[in-house]
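Asks: Here it is, the structure in full.
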Amino acid sequence: MSKSVGIWVALVLAMGGLFVASLLLGSVEITWEDWRAILGGETEGSAGAIVLQLRLPRSLAALAAGAGLGIGGLLMQTLFRNPLAGPGILGVTSGAGLGVAAVMLSGAGTATIAALRSMEVGATWTLLIAASLGAGLVLAVILTLSWRIKDSVVLLIVGVMVGQITMALVSVWQYVSQPEEIREYLLWSFGSFSGVTPFQAGLLLGIVTLGSLVTALLAKQWNLLLLGETYARSLGLSVSQARIFLITITSVLAGAITAFCGPIGFIGIAVPHLARGITGSSTHQVLVPATALCGAGLMLFCDILSRLPGSAGSIPLNAVTILIGAPVVITVLLRRSRYQGMW
């Protein structure tokens, strides 16, 4: 029991420490006097604006995105019983990207982009609705096919193909778009938390929190899915309904994160394996909170690295997540026999 408590305390402390570090580190140094004023409720001045309007929303978005992608990856790996499944495996992330492309590559050029930036709340809902519609379009195709495709592995392959189709559509759209629009879309596709506003960060945090709670409440269903669909049915589980719930939750999480932060790779695949390795458990009552904490901490760490503390520059977030996530995936492949008992 003491070891289990120690693991949870370590996870919480690690995430909390990384969250504080993400607030402290940056190209502009915030003095102790500035921090005292900010903690005392002083919001005026450049220090308060930097922390409350820039660093805090960015850190909250990183925390929420990491937790959401991690839980999405856990659910996908449970559904397909495949250690390499992730939130984007069904093409949902690509579908959300198609929705964002419909806004950024709409043909209005820089006027559309300037309009989006000038109205915080309007831009938030525009991007969220567009990404949700794109993800929903892909989801509708997958759900329609799932009624005829009972094999989850086949459904996994179909999801990959649907994702490739949406990416091809975006590529064609880029080809006929204006250079300014393409530039904005490419910058978004690198993945970043720097453009997330306080309203967007709060909305994203709320969506991920709600999705995490629903996932935790349905933990027993996910445990039954790990036993295999035939055995789960014999225990009274409606597998079709469970699949719809699982895909919907993952789609909402991936769609919201992609809309505000761009497509972020490998976190959804790597984080569930880190949670399993740390906790030594395969039950979702343990894995859901552990995955959320690991995902939040890992994403905060990646964001800190991408910011190049002490420099005004920044490197693409996707480059950092790939450098960290890809070795985890390679390790899983090399030690696959070790993980087979958990599926």
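Asks: Examine region 203-221 for a residue that is under 23 Å from L145 (Cα atoms) and in contact with a helix residue (DSSP H, G or I) (Cβ under 6 Å, 6 or more places away or on another chain), and state whether such a residue exists. Step through it out loud before you land on a result.
Replies: As a first pass, look at region 203-221 and keep what is under 23 Å from L145 (Cα atoms): 221.
Checking which are in contact with a helix residue (DSSP H, G or I) (Cβ under 6 Å, 6 or more places away or on another chain) leaves us with 221.
Yes: region 203-221 contains one or more residues that are under 23 Å from L145 (Cα atoms) and in contact with a helix residue (DSSP H, G or I) (Cβ under 6 Å, 6 or more places away or on another chain).
Asks: Further, regarding this structure: Return the pairs, sorted by first residue and then second, in which the second residue is at pLDDT 70 or above and outside any helix (DSSP H, G or I), the first residue lies in region 25-49 and is closer than 21 Å to D303 by Cα, the beta carbons are less than 7 Å apart, and the residues are 6+ apart or on different chains.
Replies: Here the result reads A47/I30, each pair linking region 25-49 to a residue that is at pLDDT 70 or above and outside any helix (DSSP H, G or I).
Asks: Do any residues in region 132-154 that are over 19 Å from T93 (Cβ atoms) have Cβ atoms under 6 Å from those of residues that are surrounded by 18 or more Cβ atoms within 10 Å (Cβ to Cβ), where the two are at least six apart or on different chains, and which pairs are they?
Replies: Close Cβ pairs (under 6 Å, with a partner that is surrounded by 18 or more Cβ atoms within 10 Å (Cβ to Cβ)) amount to I149/L155.
Asks: Just checking, does region 104-115 include any residue being at pLDDT 75 or above and within 22 Å of the chain's Cα centre (by Cα)?
Replies: yes
Asks: A further question on this structure: Tell me the residue from I142, I157, I165, I149 that is more than 24 Å from S189 (Cβ to Cβ) and assigned to a helix (DSSP H, G or I), please.
Replies: Answer to the selection: I157.
Asks: Across region 168-193, what is the total count of residues that are small (G, A, S) and buried (at least 16 other Cβ atoms within 10 Å of the Cβ)? Outline the logic, then answer.
Replies: Step one: list which residues in region 168-193 are small (G, A, S), which gives 168, 171, 177, 189, 191-192.
Checking which are buried (at least 16 other Cβ atoms within 10 Å of the Cβ) leaves us with 177, 189, 191-192.
Here the count works out to 4.
The values are calculated or read from the model by the stated rules, or taken from the named source; none is laboratory data. The shown structure was predicted, so the numbers you read here are calculated from the model rather than taken from an experiment. Neighbour counts run over all protein chains shown; Cβ positions are idealised from the backbone, glycine included.
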